[in-house]
Amino acid sequence: MIPRELLRKVRQIEIRTRHLVTDAFAGEYHSVFKGRGMEFHEVREYVPGDDIRAIDWNVTARTGAPHVKRFIEERELTVLLMVDISGSQTFGSGRQLKRELAAESAALLALAAVRNNDRVGLVLFAGDVEYYLPPAKGLRHVLRLVREVLSQPARTPGTRLAPALTFLNHTQHRRCVCFLLSDFQSPPEEYRRLLAPTARRH
């Protein structure tokens, strides 16, 4: 059974972040991520005005008539939230712990994602990966995500970003947008290479 205090915190975070998403954040989210890629849709006959760079020369040669490839904007995005739940996250101001702030930030991003019909997943890490919630849609999924950020215990000591980033590279085979929520109290020489522009991009 889920503790009543945990449910109360999840509900408070949902109310605060839902207001932000509705009033301010949703438009910003869409404007940042709307141009996230193109996917092939169909081949059709060329009509005057079509971009000649889109001509499919294989189909054109086979049919004897010019054809062009059509692409559409890829609408569905996968958002992955990587949240640090190490011991250093239990500190903060008198009003709010760093972990509670991370849960609120995760809720804001997750609600904006599902409002845009995107899937959102979660990776919790400390000294190693502690928990993985595969990407999915829907408000119920977001509330579960927030609950896990607030309640999952850290079984491995310290903070290490490298195992979490390596896990990301091994599990996400589709393009995704990743948000890393951490205080970065981790040896930088371990994760700088994985965050470099030459590392695998998502």
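The values are calculated or read from the model by the stated rules, or taken from the named source; none is laboratory data. Just so it is clear, the structure is predicted and the values come from calculations on it, not from any experiment. So basically every Cβ, Gly included, is an ideal-geometry build from the backbone, and we count neighbours across all protein chains shown. In case anyone asks, the SASA skips ligands and DNA or RNA and just uses the protein heavy atoms, side chains included. Shrake-Rupley method; radii C 1.70, N 1.55, O 1.52, S 1.80 Å.
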- Item | Test: Ala102 is within 12 Å of the chain's Cα centre (by Cα) and not polar (S, T, N, Q) | no
- Query: Scanning for something in a loop (DSSP other than H, G, I, E, B), open to solvent by less than 50 Å² (accessible area, probe 1.4 Å) and more than 12 Å from Leu80 (Cα to Cα), does region 128-140 turn up at least one residue?
  - Reply: yes
- Message: Cβ-Cβ under 6 Å, sequence separation 6+ or interchain: first residue in region 122-134 and within 13 Å of Val146 (Cβ to Cβ), partner of a type in the set (Phe, Trp, Tyr) and surrounded by fewer than 21 Cβ atoms within 10 Å (Cβ to Cβ). Which pairs?
- Response: Leu124/Tyr131
- Item | Hits in region 77-92 (condition: at pLDDT below 85 and in a helix (DSSP H, G or I)) | Ser88, Gln89, Thr90
- Looking at Arg44, Arg53, Arg16, which one is modelled with pLDDT of 70 or more, open to solvent by 80 Å² or more (accessible area, probe 1.4 Å) and farther than 25 Å from Leu195 by Cβ? Arg53
- Task: Quick one: in region 93-123, of everything that is open to solvent by 70 Å² or more (accessible area, probe 1.4 Å), among the charged types (D, E, K, R) and part of a helix (DSSP H, G or I), which residue is nearest to Cys178 (Cα to Cα)?
- Result: Arg115
- Message: Whether any residue in region 181-191 is within 14 Å of the chain's Cα centre (by Cα) and under 26 Å from Leu77 (Cα atoms) is what I want to check.
- Response: yes
- Out of all the residues in region 158-179, is one or more in contact with an Asp or Glu (Cβ under 8 Å, 6 or more places away or on another chain), open to solvent by less than 70 Å² (accessible area, probe 1.4 Å) and closer than 17 Å to Leu77 by Cα? no
- Task: Look at Arg192 and say whether it is more than 29 Å from Gln12 (Cα to Cα), open to solvent by 50 Å² or more (accessible area, probe 1.4 Å), without any contact (Cβ under 8 Å) to a residue 12 or more places away in the chain and not in a loop (DSSP other than H, G, I, E, B).
- Result: yes
- Query: Of the conditions (1) buried (at least 21 other Cβ atoms within 10 Å of the Cβ); (2) in a loop (DSSP other than H, G, I, E, B), Val149 fails just one. Which one is it?
  - Reply: (2)
- Those residues of region 181-201 which are of a type in the set (D, E, K, R) and modelled with pLDDT under 75, in sequence order: Arg200, Arg201
